[in-house]
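All remarks here apply to the structure that follows.
No value in this document is a laboratory result; all are computed from the given coordinates. As the structure is a computational prediction, the values presented were derived from the model and not from experiment. Cβ placement follows ideal geometry from the backbone for every residue including glycine, while neighbour counts extend to all protein chains displayed.
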Amino acid sequence: MDAGTQIRAGVTEDVVSEYCERMLAGDVFPDADVFFDGTAYYLADGFHRVLAAGRAKLSVIQCIVHPGNVSDAIWFAI
């Protein structure tokens with residue numbers, strides 16, 4: 001999450017809190033998108049969802065894993 005792939009100005013705390021509450025209530029969210037270069041995973045889309053899942057103490061979040069590197073993740077995010 002700290003590879004510079006977040007293209008928004010920042011994370012909105014109210015959104016993370018709302019998503020956390022909704023996750024704890026059982027709502028299902030779209031999968032996050034990550035890129036894997038054979039060594040590291042780069043989050044491209046789903047920062048609010050991943051943070052909310054962490055806050056909700058969920059041990060798993062569904063992701064779509066795309067082949068690619070950090071540049072691919074940035075282009076996808078754009």
quick note, the chain, DSSP beta bridge pairs, % antiparallel (nearest 5) is 45 percent
At 20 °C in a medium of viscosity 1.002 mPa s, the chain has a Stokes-Einstein diffusion coefficient, with Rh taken as the Kirkwood radius over alpha carbon pairs, in µm² per second, of 167 µm²/s
Relative contact order in percent for the chain (Cα pairs under 8 Å, 6+ apart) equals 40 percent
Quick calc, the chain, dipole around Cα centre from Cβ unit charges on Lys, Arg (+) and Asp, Glu (-), nearest 20 debye, gives 140 debye
Asserting the computed 222 nm helical MRE of the chain (DSSP H runs at least 4 long, -39500 (n - 2.57) per run, divided by residue count, to nearest 500) equals -11000 deg cm²/dmol
Ranking F35, A77, A53 by how far each Cα lies towards the positive end of the charge dipole of the chain (+1 on Lys and Arg Cβ, -1 on Asp and Glu Cβ), the top one is A53
